[in-house]
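Bear in mind that the values in this text are calculations on the coordinates, not laboratory data. Being a predicted model, the structure only gives us computed values, none of them experimental. Here the Cβ positions follow ideal geometry from the backbone for every residue, glycine too, while neighbour counts run over all protein chains shown.
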Amino acid sequence: MYTVRCTRKLLRRMGTDISHEELVPSTALGDWYANQLNVGSIRLVHFMSDRSLLSVIVPFKTIKTVTERHLVALRDLLEALGLDPSTIDAELNEMHSHRIGKTQSRSALGSMRDLALNAWWIIESNPQASMLEIAYQLAEVPCGPLGMAYPREVAAALLVERHD
């Protein structure tokens, strides 16, 4: 169980009820923040783990299926990062149950904005980049709140610690 913490803008687009009940996430990567990311005419949704700052980008398409597409994209990214399949399966099994909530952390939102700017630059410089390629490059961006560690390293450590 975890919470997808959406910005007001994305919550309006989703038109869904939010949970006001605060739950401690049972996932290693914690809650996931979500926001719209627009690059020219391209409409995307940016998801970011609040514990590792690992990012996943999915096309906006149908907002009703965005959380399911987030899980598919996350599996692809974790596989590309070389994590053990059983570790990936354990995390994704925990993520099949989620709630929609409001954002809570200004620090997380600041990190998300920084990573969104990086994503924008990646897309602008390589318009043919796949969503997986964009997410992989974002996993290689050192982040100040992580002590300049890489989101891929922090995510891998959290996953291995929790699921081994």
| message | Compute for the chain: radius of gyration divided by Kirkwood radius, i.e. Rg/Rh, restricted to C-alpha atoms, rounded to two decimals. | response | 0.93
| field | Among Ala129, Ser55, Ser19 the positive-end extreme of the charge dipole of the chain (Cβ point charges) | value | Ser19
| request: Tally the DSSP beta bridges in the stretch 2-158 and give the antiparallel ones as a percent, rounded to 5. | output: 65 percent
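Most exposed first by the Cβ proxy, i.e. fewest other Cβ within 10 Å, how do Ser52, Ser105, Ser41 rank? Kindly include the intermediate steps, with their values, before the conclusion.
On the way: Ser52 24, Ser105 14, Ser41 5.
Ascending Cβ contact count within 10 Å gives the list Ser41, Ser105, Ser52.
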| request: Read phi for every residue in the stretch 132-149 and hand back ³J(HN,Hα) as whole Hz from Karplus 6.51 cos²θ - 1.76 cosθ + 1.60, θ = phi - 60°, with x for Gly and Pro. | output: 5, 4, 5, 4, 4, 5, 5, 5, 9, 8, x, 10, x, x, 9, x, 6, 7
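Determine, from the Cβ-Cβ distance of Ser105 and Ile63 and an R0 of 22 Å, the FRET efficiency 1/(1 + (r/R0)^6), rounded to the nearest 0.05.
0.40
Per the helix-only calculation at 222 nm, which mean residue ellipticity applies to the chain, given -39500 (n - 2.57) for every DSSP H run of n ≥ 4 and division by its residues, nearest 500 deg cm²/dmol? All intermediate terms of the calculation are to be shown ahead of the outcome.
Numbers: 6 runs with 73 residues, N = 164.
That calculation yields -14000 deg cm²/dmol at 222 nm.
Report the GluC sites (Glu not before Pro) located in the stretch 111-164 that are in a DSSP loop and have at most 16 other Cβ atoms inside 10 Å of their Cβ, or state none.
Values: sites: Glu124, Glu133, Glu140, Glu153, Glu161; in loops: Glu140.
Of the GluC sites (Glu not before Pro), the ones in loops of the stretch 111-164 whose Cβ has at most 16 other Cβ atoms within 10 Å are Glu140.
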| Short version: ³J(HN,Hα) in whole Hz for each residue of the stretch 28-35, in order, from phi by Karplus 6.51 cos²θ - 1.76 cosθ + 1.60 (θ = phi - 60°), x for Gly and Pro, what are they? | 5, 8, x, 6, 10, 8, 9, 8
| request: Would you mind ranking Ile123, Ile57 so that the residue whose beta carbon has the fewest other beta carbons within 10 Å leads the list? | output: Ile123, Ile57
| query | Could you name the lysines in cross-link range of Lys102, using Cα to Cα under 16 Å and dropping any fewer than eight places away on the same chain? | reply | Lys9
